[in-house]
Amino acid sequence: MVEYANQPTTSTYAAGEDKTADVIELLQNLDPVGGQETTLLIPDELTRHVLAKAGVTCEDVRTLRLFSLAGQMFLNDIVDEACVVQQNRMQAPLKFQQNEGYPTKDRRPVVLTEDVAVAAREYGMKVYRPQFLNQ
């Protein structure tokens, strides 16, 4: 299970407490007309296109942005995990890194495609390098 740094691991609501106010506030923040303009990393047009390719039509902007927010959180999880994989790789002995074919002269932190592939595998995704890069 992935835990977020800014999320508590236990519920902040007491038993029977009404969560309606928080849900209304979230929906108002996602509404471009109602509340403040929320800028997401994934634009509405891209989310609408991906949903249309999956056969889903969505006219409500708030629901569309909720999909965008979920996708943004998913990508954030993968990137965070890829950074952890990269840090673990960098802490491996130099001899191991050379045998695996990783660059050892440049010690700057660089997230490689292999790091992203390992992170995505934990979420059930398979990432392959294009054939022209395998030569």
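In this simple spin-label approximation, residue 46 and residue 28 carry label points 7 Å from Cα along the Cα→Cβ vector, and these lie 2.9 nm apart. Note: relative contact order over segment 55-124, using C-alpha pairs below 8 Å and six or more positions apart, is 39 percent.
Want the number for residue 127 to residue 80: 0.36 nm per residue separation, take away the alpha-carbon distance, what's left? Numbers along the way, then the final one.
Values: separation 47, 0.36 × 47 = 16.92 nm, distance 1.64 nm.
Full extension from residue 127 to residue 80 adds 15.3 nm.
For residue 19, give me every one of the lysines with a C-alpha distance below 25 angstrom, ignoring sequence neighbours fewer than eight places off in its own chain. Result set, ordered by chain and number: empty.
Which peptide among 120-132, 63-75, 104-116, 39-51 comes first, and what is the full order, when sorted by highest mean count of other Cβ atoms within 10 Å?
Working: 120-132: 9.8, 63-75: 16.2, 104-116: 12.3, 39-51: 13.8.
Peptide ranking by packing, descending: 63-75, 39-51, 104-116, 120-132.
No value in this document is a laboratory result; all are computed from the given coordinates. Every value quoted in this text rests on a predicted model; they were computed, and no experiment measured them. Note that we place each Cβ from the backbone using ideal geometry, even for glycine, and neighbour counts take in every protein chain shown.
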